[in-house]
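The values are calculated or read from the model by the stated rules, or taken from the named source; none is laboratory data. Just so you know, these numbers come straight off a predicted model, no measurement behind them. Glycine gets a Cβ as well: all are built from the backbone with ideal geometry, and neighbour counts include every protein chain shown. Accessible surface areas use protein heavy atoms only, side chains included; no ligands, DNA or RNA. Shrake-Rupley method; radii C 1.70, N 1.55, O 1.52, S 1.80 Å.
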Amino acid sequence: SGGVKGATDASLTFMTGCSSEDTFQKIQPLLKRMGKAVLPCGASGSGSAVKLCNNAALAAQMIGICEAMSLGESLGVDPKVLANVMNVSTAKCWSSEVNNPHPIAAKGIGSGASANNYLGGFGTSLMLKDLNLVLDAAVEEGKSMPVTGLSRQLYSLADNRGLGRKDFGVMLQFLNGR
């Protein structure tokens, strides 16, 4: 986890599922070269499960930030000001602080794919793929995930509009009808 910026900066977080502590100890130094954190998540496969759960929360988080940034701008609030307030308040999160979907806010922060026309980030189609996997797993486990279901619908609509290769923060543009 950490996206393109995390890969470039070698600050990724690796969620690992290993069959044994010995295996984890063997792979940890290799993964530490590419990231800042290597987290044991349990048995084989659990790292993938944790990553999917993380992305389910991230998808909804990004949509919430997109909605707030869109409304704020419509109400006449400078996107940089709104992002700065959010980033020191209860709305502080990765989607606002690191990958803000508003190009003006992202330029002010100094990071975010939106500052580069939504190029170079985590693609909308990849987020949609993960949300499909999440919801498949939820059905298998008998879990209800209504917010994730709504997130999938929105990312599917954006993907169908040709935004699949753009960073998933392009949801701001989609919600604004662009």
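Just to be sure I understand: with springs between alpha-carbon atoms less than 10 Å apart, which residue in LEU119, LEU128, LEU75 has the highest mean-square fluctuation in the Gaussian network model of the chain?
Maximum fluctuation in the GNM of the chain, among the listed residues, is at LEU75.
With the contact rule set at Cα under 8 Å and sequence spacing of 6 or more, what percent relative contact order holds for the chain?
Relative contact order here is 20 percent.
Using only the alpha-carbon atoms, what does the chain span along each of its principal axes? Please give whole angstrom values in decreasing order.
56, 36, 30
Using the heavy atoms of the protein chains alone and a 1.4 angstrom probe, what is the accessible area of the chain per residue in square angstrom?
Per residue, the chain has an accessible area of 53 Å².
On the first, second and third principal axes, largest extent first, how far apart are the outermost C-alpha atoms of segment 1-78 in Å?
Taking max minus min along each principal axis of the Cα atoms, segment 1-78 gives 56, 24, 12 Å.
Give the relative contact order (percent, whole number) for segment 112-178; include only Cα pairs under 8 Å separated by 6+ residues.
Worked out over segment 112-178, it gives 50 percent.
Percent of Cα-Cα pairs per 5 Å bin, from 0 to the last occupied bin, for segment 70-131, please list those.
4, 20, 25, 24, 16, 9, 2, 0
Filter the trypsin sites (Lys or Arg not before Pro) in segment 9-116 down to the DSSP loop ones having no more than 15 other Cβ atoms within 10 Å, then list what survives.
ARG33, LYS92
Which whole-Hz couplings ³J(HN,Hα) result when phi for each residue of segment 19-28 is put into the Karplus expression 6.51 cos²θ - 1.76 cosθ + 1.60, θ = phi - 60°, listed in order with x for Gly and Pro?
Each residue of segment 19-28 in turn: 6, 7, 5, 4, 4, 4, 4, 6, 8, 4 Hz.
How big is Rg to Rh over segment 90-178, alpha-carbon atoms, Rh as the Kirkwood inverse-mean-distance radius?
1.02
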